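Q: One structure, pasted below without further comment.
The values are calculated or read from the model by the stated rules, or taken from the named source; none is laboratory data. Everything numeric here is computed off the predicted structure, so don't read it as measured data. Neighbour counts are summed over all protein chains in view; Cβ atoms, including those assigned to glycine, are modelled from backbone coordinates with ideal geometry. Just the protein is used for accessible areas: all its heavy atoms, side chains included, with ligands, DNA and RNA removed. Shrake-Rupley method; radii C 1.70, N 1.55, O 1.52, S 1.80 Å.
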Amino acid sequence: MDFIILFLIGFAATTIGTLAGGGGLISLPAMLIMGMPVHAALGANKVSNTISSLSSFLMIYKNKEVTVKEALTVIPLSLIGGITGGILASLLKEDWLIFIAILLLAFALITSFLSGVNFNGKEIFHLSPKNAVQLYGISFYDGVFGPGSGTLSLYFYARQKVSYLRAIGLSRIMIFSSCFGASISFIATGKILWPMTIALMLGSLSGAQLGVRLASKIKKEHVAPILRVVTVLLMIQIMLKYFG
């Protein structure tokens, strides 16, 4: 029964995570409620995100919504960010991480109202010194903590004036890279409970496929409200943990 529940958790979390980020709203709390050790739950989440994010990217690439060249500009920085974040995670207090997460999400939410989040652009993503720092920062945050990184990356790509599906594709390859880097640490330290991780991963793969299909049908004017709702829910969840 636990494996079926984990499959459903992975399916629901990744479907939502693909559309607007915030899959951690579902997966991490649910796994902890099931009694999984914290590090095992985090490791399962990172491994399943690695596989499902790559699956989402490949599906969007197959539909010619994103290019390999764009992906190759994202992968190195995201990988380095995920690895360094994972290494430094043990050196930072959880209270600080939670506080930083709240500030980042609040800033992203306020910015979305001031500058808009419309995904009307059709630009090709190019790496510049300014957005390279931002990309590394989000990947580092994903490696060191995680909740909200997918949402933050979608806000980031919206500011680059790319389309919604291109933003999802680039966001997913970023999550793939940073989670791959973090997964190495969890696997190397023996924190992975493989049967439960595989159940979550299979659900995540199914959710990734559904998420991309739904994304292609969502109207552009509906994307910003969805992102804002997910952002507010993430902030509430993190604040409850911080003040609780």
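Q: Picking from L154, L227, L200, L210, which residue would you name as being under 27 Å from F125 (Cα atoms), at pLDDT 95 or above and assigned to a helix (DSSP H, G or I)?
A: After ruling out the rest, the residue left standing is L210.
Q: Being not hydroxyl-bearing (S, T, Y) and not in a loop (DSSP other than H, G, I, E, B) is the filter here; which residues of segment 107-131 pass it?
A: Those that are not hydroxyl-bearing (S, T, Y) and not in a loop (DSSP other than H, G, I, E, B): F107, A108, L109, I110, F113, L114, P129, K130, N131.
Q: With L104, L88 as the choices, which residue is free of Cβ contacts under 8 Å to residues at least 60 places away in the same chain, assigned to a helix (DSSP H, G or I), surrounded by fewer than 17 Cβ atoms within 10 Å (Cβ to Cβ) and not aromatic (F, W, Y)?
A: Answer to the check: L88.
Q: State the number of residues belonging to segment 34-50 that are in a helix (DSSP H, G or I) and open to solvent by less than 70 Å² (accessible area, probe 1.4 Å).
A: So the count comes out to 11.
Q: Identify the residue in segment 107-131 that is more than 16 Å from the chain's Cα centre (by Cα) and under 20 Å from I16 (Cα atoms) and, among all such residues, is most open to solvent (accessible area, probe 1.4 Å).
A: Selected residue: N118.
Q: Go through segment 55-85 and count every residue that is open to solvent by less than 60 Å² (accessible area, probe 1.4 Å) and either in a helix (DSSP H, G or I) or not aliphatic (A, V, I, L, M) (or both).
A: 18
Q: Here are some conditions: (1) open to solvent by less than 70 Å² (accessible area, probe 1.4 Å); (2) assigned to a helix (DSSP H, G or I); (3) in contact (Cβ under 8 Å) with a residue 24 or more places away in the chain; (4) within 24 Å of Y164 (Cα to Cα). Q134 meets all but one. Which one does it not meet?
A: Condition (3) is where Q134 drops out.
Q: Given the residues S206, S178, which is the only one that is under 19 Å from I9 (Cβ atoms) and hydroxyl-bearing (S, T, Y)?
A: S206
Q: When residues of segment 162-174 are filtered for being open to solvent by less than 10 Å² (accessible area, probe 1.4 Å) and either in contact with a His (Cβ under 8 Å, 6 or more places away or on another chain) or within 16 Å of L58 (Cα to Cα) (or both), how many remain?
A: Of the residues in segment 162-174, 7 are open to solvent by less than 10 Å² (accessible area, probe 1.4 Å) and either in contact with a His (Cβ under 8 Å, 6 or more places away or on another chain) or within 16 Å of L58 (Cα to Cα) (or both).
Q: Out of all the residues in segment 183-194, is one or more modelled with pLDDT of 90 or more, open to solvent by less than 70 Å² (accessible area, probe 1.4 Å) and in a helix (DSSP H, G or I)?
A: no
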